[in-house]
Amino acid sequence: MSEAFSQGLPVATRERPATRLVLTLFTVVLLVLFLLLPLAVVFTEALSHGLGNIWDSLTDPEAITSIELTLLVAAISVPLNSVCGVAAAWCIGRFQFPGRSLLITLIELPFSVSPVISGLVWVLLFGANGWFGPMLDRAGLRIIFAVPGLVLATVLVTFPFVARTLIPLMQEQGASEEEAAITLGAGFWQMFWRVTLPNIRWGLLYGVLLCNARAMGEFGAVAVVSGHIRGQTMTMPLQVEALFNDYDWVGAFTIAGLLSLLALVTLAVKAALEYRIGERSGALL
Amino acid sequence: MRYARLTRRGALGGMLGTLAATRPAIAADVTLLNVSYDPTRELYRAINRAFAEDWQAKAGQRVTVNQSHGGSGAQARAVLDGLQADVVTLALAADIDALARRGLIAADWQRRLPNNATPFTSTIVLLVRKGNPQGIHDWPDLLKPGVAVITPNPKTSGGARWNFLAALGWAQKQPNATAATAEAFLRDLFHQVPVLDTGARGATNSFAQRELGDVLIAWENDAWLARKEFGAEAFEIVYPSLSILAEPPVAVVDSVVDKRGSREVAQAYLEFLYTPKAQDIAAQNYYRPRDLAVATRYAERYPELKLVTIQDFGGWETAQAAYFADGGLFDRIYTPGK
């Protein structure tokens, strides 16, 4: 990301100072209007009735369940999509095979489909009237309107993030370093841990962060499969909507603020890791 | 790098450990799931607490009633798709009939409890902003130029269907009314509707919180609650010259309680709704109680109104097919974005 920007810079510096100032101001105003202002609203509303109310909202059993559930859903779907994403990107980046472009299209499919549809397909498959519904019912298994449904919907929606970030990166890097490792006698896993993974680690981290942010924030797909059972199948975004409709503004904005904080923490972790590993990058490469 | 990986794994393990440890703490001796429509959130929160005490005393069992809320039609759809509701408490009989047709509930469900299985009723009123700036006093005032009317989508919301029928009832009762004049009235009315929310509470929020529109067609209980939440001076309730007796019924979902073995407590829960205690809670939450003693106690809150009933429209089965099914009256009169 940052390389792309710095390569673009010399062109920008040839512009007249006035043009630069206008463009910069425009960007700053947009940032404030569309990013900082909503964020400020979330925190002001949450704090509008004092810290005590925030504490009450956060310690409410329903709120705790929604936080746990969101973390659980992310803890399952993000690693799963990371492993699948790396495997898919490696196949696509390294090999030519029939159906390769079809595979790329399939991976990107969740991007082009509305999240509501991504939720609905699971209802059509596993709902009581779905293809496998009666079978699951006999076995006493609950997928839709239960935690597995929330995980499935989230996995489907967040599937492309890691793969999509890694595919261009791995295509650009080419296979030469890996071929050298194999020629020098490395096994597959040795090559993977020593060559492939270190080369893609920034892209991977970036993809994982995007994937995680979406997994925690997803609304449409999980709304379809959740069943909206209070304190049972409500993830944080669903809980925000429910509290808002309960006229519980403080509660709604507290959970929304917590979601925003999670996003900010994710950013901070990314920055910290970049700094830490950047310092030692010489030793690792 | 190794350090970072180890701590990340540790954090994940800790997180999952916490989840496993906290989950069973919520579990009680017996749980029920009440799948309800949108504006009953506050009502059932209070009733569930009272029922838990009552059942503990009677049966010595701890009961937790879980709640799910949404547009009545959407909720019925979820139960059809396998949402494990022990009881459904929906906005209108047609949505429970849909479950009965698919065999989830016995066909005679409305005869299994008193008053057509409707423990309390409500009606449809008009909620306007402070001082009634548009001078709204009755249904025809909604057609005044520039008046924006907020009502949810009858396809997904039960309250919206009662709203629709209340307006239709008024139009049909006008001198020289014909099917054509009633249809024209509704067509003009929905011309004034800028947006259709999926549920009644969403519509109330559009009107009260987001300050959209000049009039909200609403459940009487939701209109009173909005006044309580946003301040009594913020809104005025206008009782039209004619409205509808809105009967939100309740039923045990036979297929679910038989599988879960929860029939006894589910049945007791619905019967509890008819007790003076629950009737009083209903009245406190601005529903019209069936219990005469309770109704008298809260009489000054509920003005006498001329009401049509669903029977005036031939019952829900007929009304549903004629007005709300695909190609019905609503589809004919409503064109989005116009």
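No lab work stands behind these numbers, since they all come straight from the coordinates. Just so it is clear, the model here is predicted, and its values are computed rather than measured. Using ideal geometry, Cβ is built from the backbone for each residue, glycine included, and neighbour counts are taken over all protein chains shown.
General observations
- Over region B:24-82: Kirkwood hydrodynamic radius from C-alpha pairwise inverse distances, Å: 12.5
- The residues B:I217, B:I47, when put in order of fewest to most other Cβ atoms within 10 Å, stand as B:I47, B:I217.
- Neighbouring partner chain Cβ atoms per residue of B:67-73, average, 10 Å criterion: 4
- For region A:1-140: relative contact order, % (alpha-carbon pairs under 8 angstrom, 6 or more apart): 5
- Candidates A:S176, A:S82, A:S48, ranked by Gaussian network fluctuation over chain A, Cα under 10 Å, top entry: A:S176
- Max-minus-min Cα coordinates of region B:105-156 on each principal axis give 48, 23, 17 Å, with the largest extent listed first.
- Taking one quarter of the surface of the C-alpha convex hull of the protein assembly as shown gives a mean projected area of 35.7 nm².
- Note on chain A: with a GNM built from Cα contacts shorter than 10 Å, the maximum mean-square fluctuation among A:A88, A:A175, A:A256 falls on A:A175.
- Each peptide in A:157-164, A:56-63, A:241-248, B:240-247 was scored by the mean count of other Cβ atoms within 10 Å over its residues; highest first, the order is A:157-164, B:240-247, A:241-248, A:56-63.
- Cα-based Rg and Dmax for region A:23-109, where Dmax is the largest Cα-Cα distance (Å): 21.7, 61
- Whether chain B is rounded, prolate or oblate, judged on the alpha carbon gyration tensor where a/c under 1.5 counts as rounded: prolate
- Most fluctuating residue given options A:T154, A:T19, A:T266, as computed from a GNM of chain A linking Cα atoms under 10 Å: A:T19
- Residues whose placed amide H lies under 5 Å from that of B:I244, excluding near-sequence neighbours: B:I124, B:V308
- At 1.567 mPa s and 4 °C, Stokes D of region B:185-237 from Kirkwood alpha-carbon radius, µm² per second: 111
- For A:V83, B:V63, A:V269, order by how many other beta-carbon atoms lie within 10 Å, fewest first: A:V83, A:V269, B:V63
- About its Cα centre, the dipole of the protein assembly as shown is roughly 1340 debye, where the only charges are +1 on Lys and Arg Cβ and -1 on Asp and Glu Cβ.
- Mean partner shielding of peptide A:220-227, defined as the number of other chain Cβ atoms within 10 Å of each residue Cβ, is 3.
- Rg/Rh for region B:274-324 (Cα atoms only, Rh after Kirkwood) is 1.14.
- Its residue count N sets the reference 2.2 N^0.38 Å, and the alpha-carbon radius of gyration of region B:195-338 equals 1.27 times that reference.
- Residues whose amide H comes within less than 5 Å of that of B:T121, counting only those at least five positions distant or on another chain, are B:R288, B:R290 (H built at 1.01 Å from N in the peptide plane).
- Calculated P(r) of region B:151-222 - Cα pairs past 15 Å, %: 54
- Sorting B:109-117, B:31-39, B:207-215 by their mean Cβ neighbour count within 10 Å, with the most densely packed peptide first, gives B:31-39, B:207-215, B:109-117.
- Convex hull of Cα atoms in region B:71-176, direction-averaged projection (nm²): 9.4
- Against the main long axis of the alpha-carbon atoms of chain B, helix B:220-230 sits at an angle near 70°.
- Using alpha carbons only: equivalent-ellipsoid semi-axes of region B:48-127, gyration tensor based, whole Å: 23, 18, 15
- Distance cut-off 11 Å, percentage of C-alpha pairs in region B:68-108 lying past it: 60
- Convex hull volume per residue for chain A, taking Cα atoms only, in Å³: 197
- Counting neighbouring Cβ atoms within 10 Å and putting the fewest first, the residues B:K58, B:K277, B:K144 line up as B:K58, B:K144, B:K277.
- Neighbouring Cβ atoms from other chains, within 10 Å of the Cβ of residues in B:78-88, number 6 on average.
- Between helix B:2-26 and chain B: long-axis angle, C-alpha atoms, 0 to 90°, nearest 10: 70
- Degrees separating the helix B:263-272 axis from the principal Cα axis of chain B, which is the longest one: 40
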